[in-house]
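What follows is a set of notes on a single structure, which appears directly below.
The values are calculated or read from the model by the stated rules, or taken from the named source; none is laboratory data. All values reported here derive from a predicted model rather than from experimental measurement. Methodologically, a virtual Cβ is constructed for each residue, glycine included, from the backbone with ideal geometry; neighbour enumeration extends over all protein chains shown. Ligands, DNA and RNA are excluded from the accessible area calculation, which covers all protein heavy atoms including side chains. Shrake-Rupley method; radii C 1.70, N 1.55, O 1.52, S 1.80 Å.
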Amino acid sequence: AIDLISKKQNIKALSLLLGIQKPLQYSESYWHNVGTVWFKLNHYQKAIKSFEQSKVFSSNPEIYSELGKCYELTRGYKEAEIDYRTAVNLEPSRFIPRYNLMQLYQNNGHLSEAQLLAKNILDIKPKIQSKEVQFCKLAANKLLNTSTIRNKLSFDMRNANYKTSYSA
């Protein structure tokens, strides 16, 4: 099934996986693979059910990150936050779970929380430099720079309004 998933033959992979559900129903990796296929087929509610089942058998942080993404895509923002936070707590040295949580906050207007995570991402020293780390640090830096510019413009606008009101 994993080979079929890697070859983007998701329908075949799903058919194969569903055919062997009974003997593997207590396997974390079985449910994780089923959730992955449902996700790739854009069936997020079915992916959620599969990833939730996988969580019963494992505390793999990847499951929580993928589940968070499913919840985010189905507008279950509170659930997404919980799962992203769990992924961060389970594997504090990883950058992607923090990035996902930062993006969730930013996309939902929680700028101060997003900024805190961005600073946190920039402060963490990676075990190994990778493209993943570079991507996350670049995004965090961009968020902070954009926020700083926005705050400065907001301050300048308040001052301009203040000056305008006195000049009248």
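What to note about this one:
- Charge tally in the Cβ shell below 12 Å around Asn108, where Lys, Arg are +1 and Asp, Glu are -1, Asn108 excluded: -1
- Of all aspartates and glutamates in the structure, those lying under 16 Å Cα to Cα from Lys12, and not within fewer than 8 positions of it along the same chain, are Asp3.
- Calculated FRET efficiency, His110 to Leu24, Cβ-Cβ distance, R0 = 41 Å: about 0.55 to the nearest 0.05.
- Listed candidates (i) 1.35; (ii) 1.86; (iii) 1.73 - label of the one calculated as Cα Rg over 2.2 N^0.38 Å: (i)
- Counting only protein heavy atoms and a 1.4 Å probe, the range 35-119 has 50 square angstrom of accessible area per residue.
- Apolar share of the accessible surface for the range 1-151: 54 percent from carbon plus sulfur atoms, 1.4 Å probe.
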